[in-house]
Amino acid sequence: MSTKRFDENVKLDREYIYSLIENAKNTTTDEEIDRILEKAKNKKGLDHSEIASLLEIENEDQIKKLFKVAGEIKKNVYGNRVVLFAPLYISDYCVNNCVYCGYKCKNKFQRRRLTMDEIRQEVEVLEQMGHKRLALEAGEDPLNCPIEYVLESIKTIYDTYNKNGVIRRINVNIAATTVENYKKLKDAEIGTYILFQESYDEEVYKKMHPNCVKGNYEYHTTSFDRAMEAGIDDVGAGVLFGLADPKFEVLGLMMHNEHLEKKFGVGFHTISVPRLRAAEGVSLETFPNLVSDDMFKKIVAIIRLAVPYTGMILSTREDEDMRKELLEYGISQVSAGSCPGVGGYVASAGNEKTDQFETADERTPIEVISDLMDNNYIPSYCTACYRAGRTGEKFMNIAKSEKIHHMCKPNALTTLMEYAADYGDEEFLKKAEKFVREQAETIDREDIRNFALGNIEKIKNGERDLYI
Ligand code: SAM
């Protein structure tokens, strides 16, 4: 059967996906699942029917095996590094009426977009938390939040420094737009352009976006084609799990990724896995496809097997325990200390703030970082690849080679040391330095090990932004 299931208009073949799900129902024998898991270990991905089979497994032993292989791949490709970031909401004006979203235009509340001064204040707080990488978020509203405003905001963020604090990479999550606007975003030096498909099932998609601009399924699914045409080579996808059949969504995601790989030589840089949360005017009981914890864990592990080199992002929509568990077999980036609302980082009394959805992990970044180290993970604020031009296909080729470890680990350790020196108290600095030293000692190449160890003293002496 042909694997080309996106036609020229990037339209998914709905019947084909449902037939894959149907046909997979009797394919979960131990022999077949073992064969698929064995194949996955080669890190060359899986075909559609294999992904569909894994999505069917319910047997505890098979699930354990799935998590084990996903864990091995995760460790092999990403080591024990975890990249940290925070979202920054700049505007909650929105012309859409997305059924699942707290920002739907039907919801009446005092909408707001940040002034450049307010953005600077927000960024200073984020820098004070140690963040170096942001995801800029805005509702869709061409009048109140035009592209020029977004561009000015990006410039303001990059130009805002607070002592040693600086934002080095801004990923942008704004509504699907034109090639011309994507070119402007590229010129503004964004990192990844992020856009969640919400649902790949066209019927569900249309129901979820009634009478609104975002309701144009075709325009939405072709957004990455336009972004890549405009020269943005890192795109970040996602599905809002809880809207449609999750098996359909995983297969849709994988087909979308294949489409980009074929057309542009590189697929998604990252995949986010947001799960639906309660929000203003959004009650979870009205959604029949909510994804259980068990299914959610399986999904993360299966995506890890299917696209081993694509970063996976988990937000504070999930609680501490879920975040901890998913780091084991799939997730490579997490947000920390997040506020999913406009002006949320500057606590200003009397300024009522409406969040886009509820969060479940309220820990501060320093608590997250401390906990990660206790669990032998290296919290990383690294943004080196993007600034050294290692993006798109170039990045993927490096990621598929051993070279990646000789860049990522020393860079991650260096950013952790930088964080500890700038934002930790004496006790934290001691703990981080000990951890960085121990981790650096495990680097096998002498020159790289010396680079990481040498940076500890350099940072203590005031040097910053050291990377390979
Ligand atoms: N306006 C942009 C757009 O239309 O794509 C930005 C999206 S918004 C700031 C970021 C994402 O939050 C959405 O794409 C959606 O997947 C997610 N989201 C919206 N409502 C949510 C909810 N109730 N629970 C969890 N995630 C939600």
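Each row is one residue, and each column tells you yes or no for (1) in contact with a Gly (Cβ under 8 Å, 6 or more places away or on another chain); (2) modelled with pLDDT of 95 or more; (3) under 23 Å from R133 (Cα atoms).
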| position | (1), (2), (3) |
| --- | --- |
| F296 | no, yes, no |
| Y309 | no, yes, yes |
| L327 | no, yes, yes |
| G337 | no, no, yes |
| G350 | no, no, no |
| N376 | no, yes, yes |
| Y386 | yes, no, yes |
Inset, instruction - Give just the number: which of (1) more than 29 Å from I366 (Cβ to Cβ); (2) in contact with a Lys or Arg (Cβ under 9 Å, 6 or more places away or on another chain); (3) modelled with pLDDT of 95 or more does S49 not satisfy? - result: (2)
Legend entry - Subset of segment 222-240 (residues that are on the phi < 0 side of the Ramachandran plot, small (G, A, S) and touching a helix residue (DSSP H, G or I) at 6+ places or on another chain (Cβ under 7 Å)): A227, A230, A237
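Results for (1) within 16 Å of the ligand (Cβ to nearest atom); (2) closer than 30 Å to T354 by Cβ; (3) surrounded by fewer than 17 Cβ atoms within 10 Å (Cβ to Cβ), shown as yes or no for each residue.
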position	(1), (2), (3)
K75	no, no, yes
R81	no, no, no
C101	yes, yes, no
N107	yes, yes, no
R111	yes, yes, no
D117	no, yes, yes
V123	no, yes, no
L126	no, yes, no
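Yes/no per residue for (1) at pLDDT 95 or above; (2) surrounded by fewer than 22 Cβ atoms within 10 Å (Cβ to Cβ):
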site: R390; (1), (2): no, yes
site: F395; (1), (2): no, yes
site: M417; (1), (2): yes, no
site: K431; (1), (2): yes, yes
site: K434; (1), (2): yes, yes
site: E438; (1), (2): yes, yes
site: R445; (1), (2): no, yes
site: G462; (1), (2): no, yes
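Does K184 satisfy the condition of being more than 16 Å from the ligand (Cβ to nearest atom) and within 30 Å of G424 (Cβ to Cβ)? Lay out the reasoning, then the answer.
Values: more than 16 Å from the ligand (Cβ to nearest atom): yes; within 30 Å of G424 (Cβ to Cβ): no.
In short, no.
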Legend entry - Candidate set from segment 128-143 (those that are acidic (D, E) and assigned to a loop (DSSP other than H, G, I, E, B)); member that is farthest from the ligand (Cβ to nearest atom): D141
Inset, instruction - Could you look through segment 107-142, keep only residues that are free of Cβ contacts under 8 Å to residues at least 24 places away in the same chain and not polar (S, T, N, Q), and pick out the one that is farthest from Y193 (Cα to Cα)? - result: K108
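For (1) in contact with a strand residue (DSSP E or B) (Cβ under 7 Å, 6 or more places away or on another chain); (2) under 21 Å from M129 (Cβ atoms), each residue gets a yes or a no:
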| position | (1), (2) |
| --- | --- |
| T383 | yes, yes |
| M396 | no, no |
| N411 | no, yes |
| L416 | yes, yes |
| A421 | no, yes |
| K431 | no, yes |
Legend entry - Residue count, segment 412-454 (criterion: without any contact (Cβ under 8 Å) to a residue 24 or more places away in the chain, aliphatic (A, V, I, L, M) and assigned to a loop (DSSP other than H, G, I, E, B)): 0
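Considering only residues that are more than 8 Å from the ligand (Cβ to nearest atom), in a strand (DSSP E or B) and not polar (S, T, N, Q), look in segment 88-99 and name the one that is surrounded by the fewest Cβ atoms within 10 Å (Cβ to Cβ).
The qualifying residue surrounded by the fewest Cβ atoms within 10 Å (Cβ to Cβ) is I90.
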Inset, instruction - Working only within segment 191-234, note down all residues that are surrounded by fewer than 17 Cβ atoms within 10 Å (Cβ to Cβ) and in contact with a His (Cβ under 9 Å, 6 or more places away or on another chain). - result: N216
Inset, instruction - Say whether the condition of being closer than 30 Å to G139 by Cβ and buried (at least 22 other Cβ atoms within 10 Å of the Cβ) is met by at least one residue in segment 61-73. - result: no
Inset, instruction - Starting from residues that are away from the ligand (no atom under 13 Å from the Cβ) and of a type in the set (D, E, K, R), keep the ones in segment 272-319 and report whichever is surrounded by the fewest Cβ atoms within 10 Å (Cβ to Cβ). - result: E285
Inset, instruction - Just give me the residues in segment 139-167 being small (G, A, S) and either farther than 20 Å from D187 by Cα or in contact with a Phe, Trp or Tyr (Cβ under 7 Å, 6 or more places away or on another chain) (or both), in sequence order. - result: G139, G165
Legend entry - Inter-residue pairs, beta-carbon under 9 Å, first closer than 14 Å to F287 by Cβ and within 15 Å of the ligand (Cβ to nearest atom) and in segment 196-212, second at pLDDT below 95 and outside any helix (DSSP H, G or I), 6+ apart: D201/L12
Legend entry - Candidate set from segment 37-55 (those that are part of a helix (DSSP H, G or I) and in contact (Cβ under 8 Å) with a residue 60 or more places away in the chain); member that is surrounded by the most Cβ atoms within 10 Å (Cβ to Cβ): L54
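Name the residues in segment 241-271 that are within 11 Å of the ligand (Cβ to nearest atom) and either of a type in the set (F, W, Y) or surrounded by 23 or more Cβ atoms within 10 Å (Cβ to Cβ) (or both), would you? Full working, then the answer.
Filtering segment 241-271 for residues within 11 Å of the ligand (Cβ to nearest atom) gives 241-243.
Within segment 241-271, F241, L243 qualify.
The values are calculated or read from the model by the stated rules, or taken from the named source; none is laboratory data. Worth saying up front: this structure is predicted, and the values here are computed from it rather than measured. Note that each Cβ is placed from the backbone with ideal geometry, even for glycine, and that neighbours are counted across all protein chains shown.
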